[in-house]
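Below: the structure, in structure tokens.
Just so it is clear, none of the values below were taken in a lab; they were calculated from the coordinates. These numbers come from a predicted model, not from an experiment. Glycine also receives a Cβ, built like all others from the backbone with ideal geometry; neighbour counts cover every protein chain displayed.
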Amino acid sequence: MSTCLFCKFVSREIPTQIVYEDEHALAFRDINPQAPTHILVIPRMHLENLAAMQPDHEGLIGHLLWVCAEIARQEGIEADGYRVVLNTNRAAGQSVYHLHFHLLGGRSLGWPPG
Ligand code: 5GP
Ligand code: ZN
């Protein structure tokens, strides 16, 4: 999508700090980190959020979660623990409408979330 910020990261129109990429996924560091490790994992294809998910996206979403787990291993936060967050629509605080998992770790994370 031509107006979407994260699509511009995928197309490299705007540079960002990429930590992982493959055929279907891209991962980069959040510009406003909420934890020592705060990485966003996105599909290369534009999908607004989880509410836009269709049954044929099951494999893709599963793959993105695998990427989160793989990056957590690489970042060394697996043993202590980490959190994966997917904000959907306004009340959850979604601000960028290209689906993204937040991978957060490197500190103790409170529960329940705010
Ligand atoms: P949301 O609020 O939609 O769940 O998460 C959007 C995330 O994108 C936020 O954590 C925000 O800091 C991050 N973000 C917004 N603009 C940029 C940007 O230009 N570069 C990077 N790397 N992250 C961004
Ligand atoms: Zn997009």
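Assorted remarks:
- Residues in the range 44-54 carry Karplus couplings, in order, of 5, 6, 6, 9, 4, 5, 5, 5, 8, 5, 10 Hz; the curve used is 6.51 cos²θ - 1.76 cosθ + 1.60 with θ = phi - 60°, and Gly or Pro positions show x.
- Label-point gap, in nm, between residue 45 and residue 18 - each point 7 angstrom along Cα→Cβ: 1.9
- Centroid-to-centroid, using Cα positions, the range 100-114 and the range 43-98 are 13 Å apart.
- Gaussian network model of the chain, springs between alpha carbon atoms under 10 Å - residue of 18, 31, 71 with greatest fluctuation: 31
- Per DSSP, loop GluC sites (Glu not before Pro) in the range 1-93 with at most 15 further Cβ within 10 Å: 13, 23, 78
- Residues whose amide H lies under 5 Å from that of residue 94, counting only those 5 or more places away or on a different chain, are 88, 89; hydrogens are built 1.01 Å from N in the peptide plane.
- For the chain, the longest principal axis of the Cα atoms and the long axis of helix 58-75 meet at an angle of about 40 degrees.
- ³J(HN,Hα), Karplus 6.51/-1.76/1.60, whole Hz, each residue of the range 76-91, x for Gly, Pro: x, 10, 5, 5, 6, x, 8, 10, 10, 10, 10, 7, 10, 6, 4, 5
- Between 94, 34, 54, the GNM of the chain built on Cα springs shorter than 10 angstrom shows 54 fluctuating the most.
- Evaluated over the chain, the Cα radius of gyration and Dmax, each in Å: 13.6, 39
- Highest-fluctuation residue, 29, 44, 73 considered, GNM on the chain with Cα pairs under 10 Å: 73
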